[in-house]
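Scroll down for the structure; my scribbles are underneath it.
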Amino acid sequence: MAGRLMSRCLVSPLRTAMHSSGVSPAVTTVTLPIRCKVTHDTGILSVVQRRGVRKLTLNHEKKRNALSYSMLENLGRALMPTDEDPDFDDVSCVVIAAKGKVFSSGHDLNEMREPISSPTPKELFDMCSFVMRAIHDFPVPVIAQVGGLATAAGCQLAASCDIVIAGESARFATPGVNIGLFCTTPSVPLLRCVPDKKGMYMLFTGEPITAEEALVHGLVSKVVPDDELGDATINLTDHLCSLSRDVLVHGKMALREIAHERTLETSYTKASHYMAKNVKMNSCQEGIDAFLTKRKPNWNNN
């Protein structure tokens, strides 16, 4: 990573997250090139924004859309606000999709094969963890559109998203144990989605589960026929974009804070705080007035 400059737009949110969790920034700081402009096509990742939807398409079929260090860098840039990305505040939702029959096969194993130079395994996994945190911390919903196989870090990528729409032929697996590399980092979002017993089974056997199984166990939000996957995603993004962006941002911020609270009392205390703040927002008052007067709400982002 010699010669790379620390990017303020990427380090600042990461440091904030690490400080809040009690982790030293020196342990997990990652660096990206200082220039963070979102490009339309990097060769392996296509980034297109239209009418409030930012769509990121993994476009490296030859490598089964592997999450190489380069792919992760590109995802990181597309998921972080920068001065060179004036459209960021217009985003109402993000879609992460993939070209081909494989959503993502996980890390590029060639980057972990000795002799290893750069990036080091620690740098690679730090970068991957950073991207997953960027999805978690992204201010509006992030949707995974999974139309094929999602394995290892590819399964991690899908599990990290707020909503997962899957085609009926999609499969999910954490097969690292079978090659001697336990899927420890993929287990983080996986075990937040599925019951422990199912997650442990996936992690210790490496066996894939179907889209329907993933739906039953909470890894997937909705399953549709393969030929309807694109339309189902568009219907969802159209709906999200018809809503108040301010309320989407507020809601996701609240859910991030209360979703994994251990005690019911703390969850309700924080939820009440966010609900009270929400009532005072212009978008809420506009929505209530529109409902009571039987008219369509006029959101500021429309």
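The values are calculated or read from the model by the stated rules, or taken from the named source; none is laboratory data. It should be emphasised that the depicted structure is a prediction, and the values quoted were computed from it without experimental measurement. Heads up, the Cβs are rebuilt from the backbone with ideal geometry, glycines too, and the neighbour counts pull from every protein chain shown. Areas reflect the complete protein model, heavy atoms only, side chains present, ligands, DNA and RNA absent. Shrake-Rupley method; radii C 1.70, N 1.55, O 1.52, S 1.80 Å.
Can you tell me how the stretch 222-291 classifies by the Cα gyration tensor, rounded, prolate or oblate, using a/c under 1.5 as the rounded cut?
Note, shape of the stretch 222-291 comes out oblate.
Return one number: the angle in degrees, 0 to 90 and rounded to the nearest 10, between the long axis of the Cα atoms of helix 184-193 and the longest principal axis of the Cα atoms of the chain.
Here the helix axis deviates by roughly 30 degrees.
When a/c reaches 1.5 or more, the comparison of a/b and b/c decides; with that in mind, is the stretch 176-274 rounded, prolate or oblate per its Cα gyration tensor?
The shape class here is oblate.
Tell me, how many Å apart are the Cα centres for the stretch 53-125 and for the stretch 254-273?
With the stretch 53-125 and the stretch 254-273 each reduced to a Cα centre, they are spaced 31 Å.
How big is D for the chain, in µm² s⁻¹ as a whole number, if Stokes-Einstein is applied with the Kirkwood radius of its Cα pairs at 37 °C and 0.692 mPa s?
The Stokes-Einstein estimate is 162 µm²/s.
So what's the angle, to the nearest 10 degrees on a 0 to 90 scale, between helix 196-205 and the longest Cα principal axis of the chain?
30 degrees
First check a/c for the stretch 89-208, with a ≥ b ≥ c the square roots of the eigenvalues of its C-alpha gyration tensor; if it is under 1.5, answer rounded, and if not, answer prolate when a/b is larger than b/c or oblate otherwise.
Verdict is oblate for the stretch 89-208.
Relative to the present Cα-Cα distance, how much length would full extension add between GLU261 and ARG295 at 0.36 nm per residue of separation?
Extra length available between GLU261 and ARG295 comes to 8.5 nm.
Karplus couplings for the stretch 286-294 from phi (6.51 cos²θ - 1.76 cosθ + 1.60, θ = phi - 60°), rounded to Hz, Gly and Pro as x?
These are the phi-based 3J(HN,Hα) values: 5, x, 5, 4, 5, 5, 6, 9, 6 Hz.
How charged is the neighbourhood of ASP108? Take every other residue with its Cβ under 15 Å from the Cβ of ASP108, and add Lys/Arg as +1 and Asp/Glu as -1.
Local charge sum for ASP108: -1.
Give me the number: length gained by fully extending LYS277 to MET253, i.e. 0.36 nm times residue separation minus the C-alpha to C-alpha distance, one decimal in nm.
7.5 nm
What value, in deg cm²/dmol to 500, does the helix sum -39500 (n - 2.57) over DSSP H runs of n ≥ 4 give at 222 nm once divided by the residues of the chain?
Value at 222 nm, helices only: -13500 deg cm²/dmol.
How tilted is helix 69-78 with respect to the longest principal axis of the chain? Cα atoms for both, answer in degrees (0 to 90, nearest 10).
Computed tilt is about 10 degrees.
If I compute solvent accessible area with a 1.4 Å probe over the protein chains, what percent of it on the stretch 121-240 is carbon and sulfur?
58 percent
Counting only C-alpha contacts under 8 Å and six or more residues apart, can you give the relative contact order of the chain as a whole percent?
In percent, rounded to a whole number, it is 13.
Given a 1.4 Å probe, how much area per residue of the chain is accessible, in Å²?
Value returned for the chain: 52 Å² of accessible area per residue.
Quick one: order ARG262, ARG51, ARG77, ARG171 from most to least accessible surface, probe 1.4 Å.
Listed by decreasing accessible area, they come as ARG262, ARG51, ARG171, ARG77.
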